[in-house]
1. Tell me the helices (runs of 4 or more DSSP H) entirely within the stretch 36-130 that contain at least 3 residues that are modelled with pLDDT of 90 or more and within 24 Å of Glu5 (Cα to Cα).
2. How many residues does the stretch 39-55 contain that are open to solvent by less than 30 Å² (accessible area, probe 1.4 Å) and in contact (Cβ under 8 Å) with a residue 40 or more places away in the chain?
3. Within the stretch 19-29, can one find any residue that is within 27 Å of Ile114 (Cβ to Cβ), in contact (Cβ under 8 Å) with a residue 12 or more places away in the chain, in a helix (DSSP H, G or I) and open to solvent by 90 Å² or more (accessible area, probe 1.4 Å)?
4. Return the residues of the stretch 73-91 that are touching a helix residue (DSSP H, G or I) at 6+ places or on another chain (Cβ under 6 Å) and crowded, with 16+ Cβ neighbours inside 10 Å; say none if nothing qualifies.
5. If you check Ser91 against the conditions, is it more than 15 Å from the chain's Cα centre (by Cα), at positive phi and not aromatic (Phe, Trp, Tyr)?
6. Out of the residues in the stretch 94-111 that are touching a Gly at 6+ places or on another chain (Cβ under 9 Å) and within 21 Å of Leu63 (Cα to Cα), state the one that is most open to solvent (accessible area, probe 1.4 Å).
7. Given the structure, is Asn76 of a type outside the set (A, V, I, L, M), touching a residue at least 40 places away in the same chain (Cβ under 8 Å) and in contact with a Gly (Cβ under 6 Å, 6 or more places away or on another chain)?
Amino acid sequence: RAFVEATKGLAEKNRDSKLRSILEITPKVIFELAQDGDLFCKTRIDDMIFYLGAGLSSIVHALSPEVVVIGGGISNAGDEFVSRIAVETKSRIMNPIRKHVKIIRAQLGNDAGIVGAAMSAMLQIKNERD
């Protein structure tokens, strides 16, 4: 959501982007325009990948997870996008850790949070009954 809001604000100042003429801006719209050659949208996606890579690498250094799962709306952008996030993130991770961490796309995509919340509720109810 923050990505879309920031992109909306910047798009108003960018005369060359087709994004200025679109009323409802979504991540999907931004990615489609980038694929169609909109330089502004491409740059916004590159910026997001840069910052996601920086943030995820910090989390990996702090927590040393075996797997980082990319879910939510951005996972709908596809495997190429998630691959670019993985490359950016791994370029910032120290070598001993880099070898052991996998960065993958959530199989449930944008529904991952909802399914996780439902599973958590079900487990809590089960534990209360036991």
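The values are calculated or read from the model by the stated rules, or taken from the named source; none is laboratory data. Since the model is a prediction, treat every value here as computed from it, not as a measurement. Here Cβ is always computed from backbone atoms with ideal geometry, including for glycine, and neighbour counts include all displayed protein chains. The protein model used for the area step is the full one, side chains on, heavy atoms only, and it has no ligands, DNA or RNA in it. Shrake-Rupley method; radii C 1.70, N 1.55, O 1.52, S 1.80 Å.
1. Of the helices (runs of 4 or more DSSP H) lying wholly inside the stretch 36-130, those with at least 3 residues that are modelled with pLDDT of 90 or more and within 24 Å of Glu5 (Cα to Cα) span 39-63, 79-90.
2. 1
3. Scanning the stretch 19-29 turns up at least one residue that is within 27 Å of Ile114 (Cβ to Cβ), in contact (Cβ under 8 Å) with a residue 12 or more places away in the chain, in a helix (DSSP H, G or I) and open to solvent by 90 Å² or more (accessible area, probe 1.4 Å).
4. Hits for the stretch 73-91 are Ser75, Asn76, Ala77, Arg84, Ile85, Glu88, Thr89, Lys90.
5. Considered against the rule, which asks whether it is more than 15 Å from the chain's Cα centre (by Cα), at positive phi and not aromatic (Phe, Trp, Tyr), Ser91 comes out as no.
6. Of everything passing the filter in the stretch 94-111, Arg105 is most open to solvent (accessible area, probe 1.4 Å).
7. Values: of a type outside the set (A, V, I, L, M): yes; touching a residue at least 40 places away in the same chain (Cβ under 8 Å): yes; in contact with a Gly (Cβ under 6 Å, 6 or more places away or on another chain): yes.
The answer is yes for Asn76.
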